[in-house]
Amino acid sequence: MTQNQMLITIISVSACFFIGSLIFQRFCYVLKCVGRGIFGLVFIAVGNMILSGFGWAVPVGINLFNFVVTGFLGIPGIAALYAVGLWQMFH
């Protein structure tokens, strides 16, 4: 094996590891967002039950938009959804 072939082999193997790690990191990020989205929808459902017990019908539902917002933003996204819902109630 010549020196150029060794260099090309090392670069190729390194590139494969780099691309594999990028794919794995993106996949982990997608799984994390899906987990946060599911947690957010469960939190919204429980929050709506608790608030309806106090007589407040906050218009925050369980839908795809709320899933995406809570998936990307997490707890601040849930707070923002309830803030917008309360603003709609009183405005």
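The values are calculated or read from the model by the stated rules, or taken from the named source; none is laboratory data. The shown structure was predicted, so the numbers you read here are calculated from the model rather than taken from an experiment. All Cβ positions, even for glycine, are placed from backbone atoms using ideal geometry, and neighbour counts span all protein chains on display. Keep in mind that these areas ignore ligands, DNA and RNA; they rest on the heavy atoms of the full protein, side chains included. Shrake-Rupley method; radii C 1.70, N 1.55, O 1.52, S 1.80 Å.
A few remarks follow.
- Residues (modelled with pLDDT of 90 or more, exposed (fewer than 13 other Cβ atoms within 10 Å of the Cβ) and among the aromatic types (Phe, Trp, Tyr)) located in region 38-64: Phe54
- Within region 8-33, residues that are within 30 Å of Thr70 (Cα to Cα) sit with their Cβ atoms under 7 Å from residues that are surrounded by 10 or more Cβ atoms within 10 Å (Cβ to Cβ) and modelled with pLDDT of 85 or more, at 6+ positions apart or across chains, in these pairs: Cys33/Gly71; Cys33/Phe72.
- For Gly74, the conditions (1) modelled with pLDDT of 90 or more; (2) surrounded by fewer than 10 Cβ atoms within 10 Å (Cβ to Cβ); (3) not polar (S, T, N, Q) all hold with the exception of (2).
- Conditions (1) surrounded by fewer than 10 Cβ atoms within 10 Å (Cβ to Cβ); (2) modelled with pLDDT of 90 or more; number of the one not met by Gly35: (1)
- Sole exception among (1) open to solvent by less than 80 Å² (accessible area, probe 1.4 Å); (2) farther than 30 Å from His91 by Cα for Gln3, by number: (1)
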